[in-house]
Structures are given as structure tokens and as C-alpha cells.
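The values are calculated or read from the model by the stated rules, or taken from the named source; none is laboratory data. This one's a predicted model, so the numbers in the text were calculated from it and none came from an experiment. Virtual Cβ from ideal backbone geometry, glycine too; neighbours counted across all protein chains shown.
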Amino acid sequence: MMDTGGKKIKIQAPKGTKDVLPDESYKWQALEAALRESAELFGYGEIRFPVFEHTELFLRGIGDTTDVVQKEMYTFEDKGGRSITLRPEGTASVVRALNERGLASQAMPLKCYYIAPNFRYEKPQAGRLRQHHQFGAECFGAEGPGADAELIALAWFFLKRLGLSDGVALNINSIGCPECRPVYHTALRDYFSGKKAEVCGTCLDRLERNPLRILDCKNPDCAAVAAGAPKGIDYLCSECDTHFSSLRAELDAMGIPYELDPMIVRGLDYYTRTVFEFVCDRLGAQKTVCGGGRYDGLVSELGGPPTPALGFGSGLERLLLAREALGLEFDRPEPCELYIAALGPGADGEAAALCLRLRERGLRVERDLCGRGLKAQMKYADKLGAKYVIVLGDDEIARREAYLKRMDTGEASPCGLDAGEIYEAINK
RNA sequence: GUGGGUAUAGCUCAGUUGGUUAGAGCACCAGAUUGUGGCUCUGGGGGCCGACGGUUCAAAUCCGUUUAUCCACCCCA
């Protein structure tokens, strides 16, 4: 709320954005800590990159026929006349950054992760925002199915660590490579061309642009037609087929449960071979909590050396929603350990100094900053969950001694007004 | 971009067939014999009833428009 010439107007957060205030940020911190630890256990190092990029990067990287590029990007011209876009997803930026640094000279495999905001001009709904945050992991230089298995294992690992393994299911598919996919596309086109009357308008459009997407249409009529469509798995070339079955064997060996889902089609054009998603069915319509796959062609598409690669993205907001749906809570932050109630202006300096000395020793200490009376300060200390309280008045300062009161039992014992002594008394 | 629901205090919501100065609970602040929290009691601050326009003697209430929000489609994390 701000006052502009007598009229109060409310300025609210832009559509599709969310604030995280201190009473909730501990959840984000705990979530992020779990994600970072998981990534690092798997040998992934953090990468940081800008929030905006040249628009061209996403046009080439994501594919200019995708919905993300066609209608969801925050694109603008900067003062230098460059076309700039707020990053709608992380993979293109990672590839760009690594190419720029000379990917070919890096030790392979190169594994990195990020936790970063993405921006898409969408119509918000449950689990879908215009600014959302993703945990992403990308692995470069590993062609074999072991990399796919390890990446999926990482996703499985952090989801389990977050307590979501029971609420989440893994679906995998292989959409083939530039060798075998055209064969399948042709088969799909042949199939759907004979059924044009039975599918919806957008699917007719998809038939031209990307017939794979028809398989994913939620329209019941289209789904019925799609059910009889040729299966991509039957058209994989022998290399892709071997890759996919080896991946499944490794997942089986690790005991990671999954379903084969021929309907999985990722909406980003760069995927090849393995695609997968973890879905939480307690989550409403936007229930994919982690999705990714292999993108062997992207690095060279963006000007780098031909490099096999794969990765996933996982939405932090959805992870938090999933935990909430399952009734899981995060530990609250440590409460205040000591509250110093100062009485009268003479005590303020003493209280300020004690607070600083004790904070230097690593203690969470608070004191009155609002000029409140003793009773109000005690109430506030209680609200903070303070474990101890010291009342500092002229008397105590003159005697250099005060009572250290335990808030849970109410008992108080004398304690000298010395940071060291107070610290010892609290930590004994 | 398409469709539906909802807009009253910081939060959760009441508000009778249109009728005086718009309510409760929680939260916040201050008191209940001068320096000690939780329980209880009392009091207080805080809303132009989302915004604009219309009908009416009279609108939080009826009508229209708009904005926001929620949910679904599309797409995605």
C-alpha cells in the first residue's frame, strides 16, 4: 500500500509470482539444502548463470515451434538494441556457458547442477507460475546408458530424501534418435492421416508439426485414436533399443521402480532417446515434479563439439506442494536462545553490548528494539520461543549480576553480567 | 489464448427478501496496585466491502464492465 496524492493504491506482486516471507523461507532453505547435498553426493557441481540470455539461444536451443518459445517467453529489447529473454529453462544456458568455456577441453563426464528461477508467460494455476524455480542437473560427455541410469537415480535419490518416494511414480520412454525417429514419425503420420476426422483441431496442426504430441493429447477422442497408434518402442533402431534396455536393466539392478509410458513426449524439441518424468498424483493437473531426458544433439546445435548429454529439471514449488499434500513438514529454525529484557534507557547500551558479545560466541540473542515495558518484553520473548531471559535494570547493572531465567521451568539463577559467564551458564 | 468459480480486517470467514455509524474468531498493540511470559478478563488500532459505471429515496447486497485470484484446458517443472 502506498499513498499517491491522497489515494491509496495497492501494488501487488506481478501475476504468477510468489513472495517467500521469513516465516516460510526455512522450508525453501531446507529443500535447497537437501537438493544440493544430493547433487554433490552424485558428483554434480554447482553452476551459476545469468537470469537473461540472448533470445537466439532459446530459439535455437529449445526449438522455435515449441509452445515455450512461441508464446511463453519474456522477450524485450535492451537499451543497446539487443533482443534479450528471461530464461524460460536452464538447459540451454548450461550448454551455452560450457560451450563458451571450451567444453571439449573439460574432463568428461562433466556433471553440474543449478537451483535457479525460470520465467514463462503462462496463465497461472495450481503448480504453475510465471516465475518458478528449478533444480536442474545436467551431465555431458557420457553416451552410455549408465549416465541415464545415474541421472534417474539422482532424481530418485533426492525425491526419496524429501520423503516423496511413496507419493511419486517414475515413467520412462525412449523417443529414439535422428536415425530412427523419422521412421517412426512417418509411421505415425500414416496412421493419423487416415483418422483426421476423429481428432481435434490442435492435433491436426500437430500432425504437420510434430505428430508425437498427438499421443499426449488429453482430448478423449484423440486419446482413443492414439491408443491404437504405432508404438515408438517398436521403431527404435538397434542402438537405441540396446541403450534403452540397458538403462532398464540398471534401473532394475538399483531397485528403482518405473513404468514404461509410450505416451511421454517432452515439449522441448532437443530430447533424444531417453525421456522420463516423476509424477505425483496428489498434485492436481500440474503433477510432473521432475522431468528430463537425453539431448545428444543440443551441444553441437548450439555451436559446441558433438557431445552426448542429458539432464532433468525439477520444480521447487511443486516439490513443496507435493510434500504438503503428503503432510510432510520441515523442521522449524532454531528459536532464540536468550532474550535480554532491558529496563530504562540506562540499560540499553549494556543490553546491546551483551547481545553483540554473545552473538560473537554464536548464540542467538534478542533484545527489545521497540521501547516496550517489561511485561510486553516477556510476552515477546515467549513468542520468540526464547529458552532463557535476563532482565537488565539499573539494579542489575550496578551489582553486575542478574537472574538467568529458564522459560520452560520458570526457575531463575543468579548469573554475572559477563558474556563468558552467561554463555557458560546457557551451554552447560 | 479458451472455459468455469471467487473477490468483505494481516489470516479464516459471517453479513438475513437492498435499510442507520460493517461484524466474529485468530493475529497485532495496550492495560488488569509501580520490575517478570504462557491461562483469563478489559480495551484499542486496522476495511471507502477489489476497481469503475448503472438501477434505486437507499447498494457489501441487484445489473454491466474491468482487474486480481483460484481451478481446468493447452503446455510444462
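Please count how many residues of the stretch A:157-194 are in a helix (DSSP H, G or I), of a type outside the set (S, T, N, Q) and more than 24 Å from A:Gln29 (Cβ to Cβ). Working first, answer last.
Of the stretch A:157-194, the ones in a helix (DSSP H, G or I) are A:157-161, A:181-193.
Next cut, of a type outside the set (S, T, N, Q) only: A:157-161, A:181-185, A:187-192.
Checking which are more than 24 Å from A:Gln29 (Cβ to Cβ) leaves us with A:181-185, A:187-192.
The total comes to 11.
Check every one of the helices (runs of 4 or more DSSP H) wholly within the stretch A:359-428 and list those with 1 or more residues that are modelled with pLDDT of 95 or more and among the β-branched types (Val, Ile, Thr). Before the answer, list the steps.
Details: elements: A:374-384, A:394-399, A:419-427.
So the answer is A:419-427.
Among the candidates A:Leu354, A:Leu283, A:Leu328, A:Leu319, which residue alone is assigned to a helix (DSSP H, G or I) and either within 11 Å of RNA strand B (Cβ to nearest atom) or surrounded by fewer than 19 Cβ atoms within 10 Å (Cβ to Cβ) (or both)? Can you show your working first?
Details: A:Leu354 fails: either within 11 Å of RNA strand B (Cβ to nearest atom) or surrounded by fewer than 19 Cβ atoms within 10 Å (Cβ to Cβ) (or both); A:Leu283 fails: assigned to a helix (DSSP H, G or I); A:Leu328 fails: assigned to a helix (DSSP H, G or I).
Within the list A:Leu354, A:Leu283, A:Leu328, A:Leu319, the selection yields A:Leu319.
Failed condition for A:Val289, given (1) part of a loop (DSSP other than H, G, I, E, B); (2) touching a Phe, Trp or Tyr at 6+ places or on another chain (Cβ under 7 Å), with all others met?
Single failed check for A:Val289: (1).
Out of all the residues in the stretch A:310-319, is one or more in contact (Cβ under 8 Å) with a residue 60 or more places away in the chain and farther than 30 Å from A:Glu56 by Cα? Show your work before the answer.
Let us first name the residues in the stretch A:310-319 that are in contact (Cβ under 8 Å) with a residue 60 or more places away in the chain, namely A:310-319.
Then drop every residue that is not farther than 30 Å from A:Glu56 by Cα, which leaves A:319.
Checking the stretch A:310-319: at least one residue is in contact (Cβ under 8 Å) with a residue 60 or more places away in the chain and farther than 30 Å from A:Glu56 by Cα.
Being closer than 20 Å to A:Met407 by Cα, within 13 Å of RNA strand B (Cβ to nearest atom) and in contact with a helix residue (DSSP H, G or I) (Cβ under 9 Å, 6 or more places away or on another chain) narrows it down to one of A:Ala341, A:Ala347, so name that one. Working first, answer last.
On the way: A:Ala347 fails: closer than 20 Å to A:Met407 by Cα.
Step by step, each of A:Ala341, A:Ala347 is checked, and only A:Ala341 is closer than 20 Å to A:Met407 by Cα, within 13 Å of RNA strand B (Cβ to nearest atom) and in contact with a helix residue (DSSP H, G or I) (Cβ under 9 Å, 6 or more places away or on another chain).
Under 8 Å by Cβ, and 6 or more places apart or on different chains, what pairs join a residue from the stretch A:373-394 that is over 24 Å from A:Lys428 (Cβ atoms) with one that is part of a helix (DSSP H, G or I)?
The qualifying pairs are A:Gly393/A:Ala347; A:Asp394/A:Gly346; A:Asp394/A:Ala347.
Find the strands (runs of 3 or more DSSP E) located wholly in the stretch A:38-156 whose residues include 2 or more that are surrounded by fewer than 13 Cβ atoms within 10 Å (Cβ to Cβ) and either free of Cβ contacts under 8 Å to residues at least 24 places away in the same chain or out of contact with any helix residue (DSSP H, G or I) (no Cβ under 9 Å at 6 or more places or on another chain) (or both), and list them. It would help to see each step written out before you state the result.
Numbers: elements: A:52-54, A:75-77, A:83-86, A:110-119, A:131-140.
In the stretch A:38-156, the matching strands (runs of 3 or more DSSP E) lie at A:75-77.
Give me the residue from the stretch A:362-388 that is under 19 Å from A:Ser413 (Cα atoms) and within 6 Å of RNA strand B (Cβ to nearest atom) and, out of that set, surrounded by the most Cβ atoms within 10 Å (Cβ to Cβ).
A:Met378
Within the group A:Ser238, A:Ser174, which residue is among the polar types (S, T, N, Q) and closer than 30 Å to A:Glu46 by Cβ? Before you say what the answer is, go through the steps one by one.
Values: A:Ser238 fails: closer than 30 Å to A:Glu46 by Cβ.
Sole residue among the options that is among the polar types (S, T, N, Q) and closer than 30 Å to A:Glu46 by Cβ: A:Ser174.
Quick check on A:Phe312: is it part of a strand (DSSP E or B), within 13 Å of RNA strand B (Cβ to nearest atom), within 25 Å of A:Ala229 (Cβ to Cβ) and touching a Cys at 6+ places or on another chain (Cβ under 9 Å)? Lay out the reasoning, then the answer.
Numbers: part of a strand (DSSP E or B): yes; within 13 Å of RNA strand B (Cβ to nearest atom): yes; within 25 Å of A:Ala229 (Cβ to Cβ): no; touching a Cys at 6+ places or on another chain (Cβ under 9 Å): yes.
Judged against the criteria, A:Phe312 is not a match.
If you scan the stretch A:399-428, which residues turn out to be among the small types (Gly, Ala, Ser) and near RNA strand B (Cβ under 9 Å from one of its atoms)? If you could, list the steps in order and put the result at the bottom.
Initial filter on the stretch A:399-428 (among the small types (Gly, Ala, Ser)): A:402, A:410, A:412-413, A:416, A:419-420, A:425.
Scanning the stretch A:399-428 gives A:Ala402, A:Gly410, A:Ala412.
A quick yes/no check of all residues on (1) within 14 Å of RNA strand B (Cβ to nearest atom); (2) free of Cβ contacts under 8 Å to residues at least 40 places away in the same chain:
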site	(1), (2)
A:Tyr184	no, no
A:Asp190	no, yes
A:Ala224	yes, yes
A:Ala229	no, no
